[in-house]
Amino acid sequence: MSNPASPPVVGVLAERPPLTFPPGFLWGAATAAYQIEGAATEGGRTPSIWDTFSHTPGRVVAGHTGDVACDHYHRLDRDVALMAELGLRSYRFSVSWSRVQPGGHGPVNQEGLDFYRRLVDQLLANGIEPWLTLYHWDLPQLLEDAGGWPTRDTSARFAEYTSLVAGALGDRVRYWTTLNEPWCSAFLGYGSGAHAPGRSDPADAVRAGHHLMLGHGLAVQALRSSARSDAEVGVTVNLYPVTPATDSPGDADAARRIDALANRFFLDPLLRGAYPVDLMLDLERVADFGHVHEGDLDTIAAPLNLVGINYYSRHVVAAPAAQAPPQPYWRTPSCWPGSEHVRFVTRGVPVTDMDWEIDPPGLVETLQRVYEEYTDLPLYVTENGSAFVDTVVEGHVDDPDRVAYFDAHLRAAHQAITAGVPLRGYFAWSLMDNFEWAWGYTKRFGMIHIDYRSQVRTLKSSGRWYAEVIRRNGLAAQ
Ligand code: FCB
């Protein structure tokens, strides 16, 4: 049953025609290691920053941790069987760095690698293309202790770890994502401190963003030499359209600033080999960019095979209210260094259980922008989905709001394809309910319901619906 308190996602569904996607469109679902695996202290794994953070009182809602999560580590067979039942063509998962290289540098932990070997082998045996993300936010704590992402050496460590994983799985895994959402790692991890490691220093956040991208560039080099020659290598960024609340010059400037930090901070170095000039000016009092060494931007802009985009919502922003005190840092710690004064405005449109506004046209805008302004590389939506309150009723979970969210965003994806965007695949977030970072287990995004007490898996109606989408390579009329 959907949350009775929440409004319907797209109102009364208007007549919606059937839509067919291009042949070979890659239909998938995504998860991340810390969010599902559990087995936090097993098989030689050492703590990551998320273990430390979640075990620190007050950091995660209700003190939830990823110690057990969905117990995927022990339930691999069942979970792959469920993926096969859904008919997934691809499964995007992440590797836990501290499971395969517990020291953060140096020797590999075979037991940790074996887990991912088994996963990859089982996926391939079921005709499911493995899509491997190397870094989904879980830095080994030992590397954080040595300075974390604000420290340049972490980039080199990431490349070394990438070589280990590519050496072990590079013959069987074709699709590789280096980083997942570096904005979150940098600006939530080191800016606002809302995510692990929970530090809040605006200059560190800017440095972390750079070193994450440098790590990405070095990891691309490692993949080119250790993975199979037809490897498809990319990075996943989380992008938001940023809209000014009004047409006032102040609101336009607020939108420019947030767009620079949220989107162009990453897109420009990765795809154009340069930081945007306006962004550097906005950050003038925060960071001097002395951490950018000669040659870094060439490394960062290494040629890719694809770009992954995670899309959830839109930012609508405004200049500070006229009566607001004129100090630049009144909302610190903030994940918007140098632009702390910008106001985020809600429009009163339907939201998900995360309070994120539901905005399918924003997906079309985002995809078109990347294609028109940045690259003609193949694009993939590597995450898109919604949290809603789910209830199990007699063994069934009916989640029409989530179905409507997927349907509306897939229609948007199709619209982008029709407009000429080379969108090649779509990954639903998420395969299963999981540990939603600072929200713990209180937010459910899955197509499979997890009962965290019994670990019983229940396919939701959205899962059944998605299986049908995959089967017909498109959407039925509504
Ligand atoms: C993204 C993350 C993913 C999940 C979704 C809801 O930012 O990549 O792990 O938490 O949001």
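Give the residue that is farthest from the ligand (Cβ to nearest atom), with candidates limited to residues of region 419-438 that are of a type in the set (Phe, Trp, Tyr) and in a strand (DSSP E or B). I'd like the intermediate steps shown before the answer.
Our first condition is that a residue be of a type in the set (Phe, Trp, Tyr); within region 419-438, this holds for 426-427, 429, 435, 437.
Those left that are additionally in a strand (DSSP E or B): 426-427, 429.
On the way: Tyr426: 15, Phe427: 11, Trp429: 5 Å.
My answer is Tyr426.
Contact map, region 228-246: first residue closer than 16 Å to Leu134 by Cβ, second residue open to solvent by 50 Å² or more (accessible area, probe 1.4 Å) and away from the ligand (no atom under 16 Å from the Cβ), Cβ cut-off under 7 Å, separation 6 or more or different chains; pairs are Arg228/Asp171; Arg228/Arg174; Ala231/Arg174; Glu232/Arg174.
Here are some residues: Arg207, Arg199. Which one is surrounded by 23 or more Cβ atoms within 10 Å (Cβ to Cβ) and among the basic types (Lys, Arg)? Steps first, please.
Numbers: Arg199 fails: surrounded by 23 or more Cβ atoms within 10 Å (Cβ to Cβ).
The conditions single out Arg207.
Summed over region 45-60, the residues that are buried (at least 20 other Cβ atoms within 10 Å of the Cβ) and part of a loop (DSSP other than H, G, I, E, B) give a count of 4.
Taken over region 439-453, the criterion of being open to solvent by less than 10 Å² (accessible area, probe 1.4 Å) and assigned to a strand (DSSP E or B) is satisfied by Ile448, Ile450.
Looking only at region 297-328, how many residues end up being surrounded by fewer than 20 Cβ atoms within 10 Å (Cβ to Cβ) and of a type in the set (D, E, K, R)? Summing the residues that are surrounded by fewer than 20 Cβ atoms within 10 Å (Cβ to Cβ) and of a type in the set (D, E, K, R) in region 297-328 gives 1.
When Glu383, Glu436 are checked against the criterion of being touching a helix residue (DSSP H, G or I) at 6+ places or on another chain (Cβ under 8 Å) and closer than 24 Å to Val61 by Cα, a single residue qualifies: Glu436.
Among the residues of region 384-403 satisfying the criterion of being among the acidic types (Asp, Glu) and either free of Cβ contacts under 8 Å to residues at least 24 places away in the same chain or away from the ligand (no atom under 16 Å from the Cβ) (or both), which is surrounded by the most Cβ atoms within 10 Å (Cβ to Cβ)?
Step one: list which residues in region 384-403 are among the acidic types (Asp, Glu), which gives 390, 394, 398-399, 401.
From the residues that got through so far, the ones that are either free of Cβ contacts under 8 Å to residues at least 24 places away in the same chain or away from the ligand (no atom under 16 Å from the Cβ) (or both) too are 394, 398.
Working: Glu394: 4, Asp398: 16.
So, considering only residues that are among the acidic types (Asp, Glu) and either free of Cβ contacts under 8 Å to residues at least 24 places away in the same chain or away from the ligand (no atom under 16 Å from the Cβ) (or both), the one surrounded by the most Cβ atoms within 10 Å (Cβ to Cβ) is Asp398.
Does at least one position in region 21-32 carry a residue that is away from the ligand (no atom under 16 Å from the Cβ), among the aliphatic types (A, V, I, L, M), in a loop (DSSP other than H, G, I, E, B) and surrounded by fewer than 23 Cβ atoms within 10 Å (Cβ to Cβ)? Checking region 21-32: not a single residue is away from the ligand (no atom under 16 Å from the Cβ), among the aliphatic types (A, V, I, L, M), in a loop (DSSP other than H, G, I, E, B) and surrounded by fewer than 23 Cβ atoms within 10 Å (Cβ to Cβ).
Hey, any hits in region 247-257 for a residue that's in contact (Cβ under 8 Å) with a residue 40 or more places away in the chain and within 23 Å of the chain's Cα centre (by Cα)?
Narrowing region 247-257 to residues in contact (Cβ under 8 Å) with a residue 40 or more places away in the chain: 248, 250-251, 253-255, 257.
Narrowing the set further to residues that are within 23 Å of the chain's Cα centre (by Cα) leaves 255, 257.
Checked against the condition, which is being in contact (Cβ under 8 Å) with a residue 40 or more places away in the chain and within 23 Å of the chain's Cα centre (by Cα), region 247-257 yields at least one hit.
When Val381 is evaluated against the numbered criteria (1) within 16 Å of the ligand (Cβ to nearest atom); (2) in contact (Cβ under 8 Å) with a residue 60 or more places away in the chain; (3) among the hydrophobic types (A, V, I, L, M, F, W, C); (4) within 24 Å of Gly193 (Cα to Cα), which criterion, by number, is the only one it fails? Here Val381 clears every test but (4).
Being outside any helix (DSSP H, G or I) and either touching a strand residue (DSSP E or B) at 6+ places or on another chain (Cβ under 6 Å) or within 14 Å of the ligand (Cβ to nearest atom) (or both) is the filter here; which residues of region 175-227 pass it? Before the answer, list the steps.
Quick first cut of region 175-227, residues outside any helix (DSSP H, G or I) only: 175-181, 193-201, 227.
Scanning region 175-227 gives Tyr175, Trp176, Thr177, Thr178, Leu179, Asn180, Glu181, Ala194, His195, Ala196.
The values are calculated or read from the model by the stated rules, or taken from the named source; none is laboratory data. Bear in mind the structure is a predicted one, so any value in this text is a computation, not a measurement. Because the Cβ atoms are built from the backbone with ideal geometry, glycine has one as well, and the counts that use them run over all protein chains shown. Remember, those area values only see protein heavy atoms, side chains included, never the ligands or the DNA or RNA. Shrake-Rupley method; radii C 1.70, N 1.55, O 1.52, S 1.80 Å.
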